[in-house]
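Taking it in order: structure first as structure tokens, then the write-up.
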Amino acid sequence: MQLTDFGGLASQNQTTFQTLPWNHVINHYKEHVKSCFYQENELPQDIDGLNRAQKSIHGTIRNAEISAEYFLKFVLSNYAGQLFNLEIQLKAYLDYLDELQLDGKINQYFKRRVCIRLAKIHKVSNYEHKQAMPFLKFIQELGITHVSEEFQTQKHLQNKLLSQLDNHQLLLDFYYFRQKSHKLDKYTGTIDISMRNVRLFLRFLLKNKIDVSTENNWIRNAPSLFTYSNVTEYLDLRKHQKLSSWGDIKDEDGILLKNSSMNDIIKDIRLFFKYILSEKVETPAARKSFIDASIEHFQNQERSQGIGNNLFLAQNSQREFDYMKLYRKAEIAFDEYALALKQLANYSYRKNRYKSFGAKCHLPQSYIDKLYSALDEYLSEINFLPHLNDKQKVTKHLTINRLKTAITLGLEIGLRVSTVEEIHVEDIDFDRGILHLRFCKGYDAFEAPSLPLNQVSLTALKKLISLLGIKSGSLFSKRSIAVQLKNILSLKDLRNYTDQNGNTHEITFHYFRYTFGANRLAEFGDIAIVSKLLSHRDISITSKVYLDKKIDDTMRNIYNKNHDNNSPSSIYSK
């Protein structure tokens, strides 16, 4: 067996006594385990199957890495890194874990996790084409007799900082700020999507914009990192899915925009910089701290150039004069940083390529037909997915049928996704054709209105209830409609839609509601009726969203018509 080159180490033969840094040994073993899995193009190609396979593979490799790391650290601390008798050392390692468990420092689950794949051969999973060796046998095959301390490279330093990023004081302070603002996930209480977007932005800066080997506190270099160009580059990479979940720039597709549209990401970034500006910069204490740190930085710069001693250790008057000069220089740096943060806190949609269209786009019937065809096509494909068992196929069928019914309710009666998720069988009056809403944005509890159901929506609801086989209870799973819609749209290449004005929209569920409102306005011509059907408490909301858009489109059509006739002034003659 040959060793691949890690960090400048030449390949050597297994018969040679070898001393390697422990993290290099782990990297070799990770590569071995990874090589036992199928390639990505050999895995299931539907979104759910691919995500399940990738999670399983990542979890297996991570467990192998953790168990190998803890064993080698034990060998380093107790045997000075000597691998003289693996059986004896493994027994001592297991006894050590038993002691920790008896003392209550670890539990059974953790003990099992740090022992997995050390000595036992595991059965081949559905995603492995061959069996991976246990770690101890792998060491014997390589002929390694000694492991040394960790070899620090740029990548290792980055990974170390990445592991500490979630506990960085800036991110923790922002987390508590979001918590006070009631922006945390109301279902799980964990960090919400906004925190994930900000954390990925910081990972992007850490992996691509600084040299971690020369920076002890990289976040202190915020003035050079929090720039308009860096934010725009980050958004470009997110837009084109060229960023991994750890901030690496990739040529192939990275993470999808799950649970976040581009406009959501921009708003989260803007909120992050607003927080930094108000809490970390504009306070008197923060200003003094920034200026003091800048003066110290400028002094160190001058000392490194060989003139610092003359300036600060010679005459008193000259030292005071130069200190004031440095103070003014630090003030200018602070003002420039505050100005840059203000620009980022008000990151304008107009100044970049991501425009805020909301959901102001009437979807044509051709797009809607394509969407329903894509859903029917996916329903027929489920039966032929090899990685799903019969029970999973039934669950998948019900999920897609729920999504199809939800889309119908959005298009036919203009419901929001949050309203659809709260519908119960008991809320539907099939005899009178009325839906009694349990929840509606803008209304207090038990004040939500009732809406009429047309024949299409009644038929869709009856079909879904029949498929579910229930007589009461909730029809839809909470927080799953939006995710499933994004998955289907991405899979069937329907995620983006370009309107007649050339604006590209990322389709979300709210576009169905807007399409319903635009169709009803064209049908009835009465904004008051449309406002009632959309459950708006104030007719001004309906007017602002629909009438203003209609007027803008009309004026644009008039201008385009006259512009085509090369008679711009003719608009005034009519």
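Details
- Taken over segment 263-296, the residue count meeting the criterion of being under 19 Å from K342 (Cβ atoms) and touching a Gly at 6+ places or on another chain (Cβ under 9 Å) is 0.
- Pairs are defined by a Cβ separation below 9 Å, a sequence spacing of at least 6 or placement on different chains, a first member in segment 166-182 that is closer than 17 Å to L200 by Cα, and a second member that is modelled with pLDDT of 75 or more and open to solvent by 90 Å² or more (accessible area, probe 1.4 Å); the pairs so defined are D173/E279; F174/E279.
- Extreme residue, most open to solvent (accessible area, probe 1.4 Å), among residues of segment 59-105 that are over 13 Å from H146 (Cα atoms) and not in a helix (DSSP H, G or I): K105
- Test: residue in segment 14-21 that is at pLDDT 85 or above, open to solvent by less than 30 Å² (accessible area, probe 1.4 Å) and not aromatic (F, W, Y): no
- For segment 410-439, taking the residues that are in a helix (DSSP H, G or I) and more than 15 Å from S477 (Cα to Cα), the one that is most open to solvent (accessible area, probe 1.4 Å) is identified as E426.
- Every pair of residues 6+ apart whose Cβ atoms lie under 7 Å, when the first sits in segment 271-288 and is among the small types (G, A, S) while the second is open to solvent by 50 Å² or more (accessible area, probe 1.4 Å): A286/K280
- Which listed residue is touching a Leu at 6+ places or on another chain (Cβ under 8 Å) and at pLDDT below 90, from L100, L86: L86
- Restricting attention to segment 358-388, the residues being hydrophobic (A, V, I, L, M, F, W, C), in contact (Cβ under 8 Å) with a residue 40 or more places away in the chain and in a loop (DSSP other than H, G, I, E, B) number 5.
- Matching residues in segment 456-485 - criterion: being open to solvent by 70 Å² or more (accessible area, probe 1.4 Å), within 32 Å of the chain's Cα centre (by Cα) and closer than 20 Å to H436 by Cβ: K478
- If you go through segment 496-527 and keep only what is part of a loop (DSSP other than H, G, I, E, B) and either at pLDDT below 85 or not assigned by the TED database to the domain that holds A482 (or both), you end up with D499, Q500, N501, G502, N503, G525, D526.
The values are calculated or read from the model by the stated rules, or taken from the named source; none is laboratory data. None of these values were measured; they are calculated from a predicted model. We place every Cβ from the backbone using ideal geometry, glycine too, and count neighbours over all the protein chains shown. The accessibility values were calculated without ligands, DNA or RNA, using every heavy atom of the protein model including side chains. Shrake-Rupley method; radii C 1.70, N 1.55, O 1.52, S 1.80 Å.
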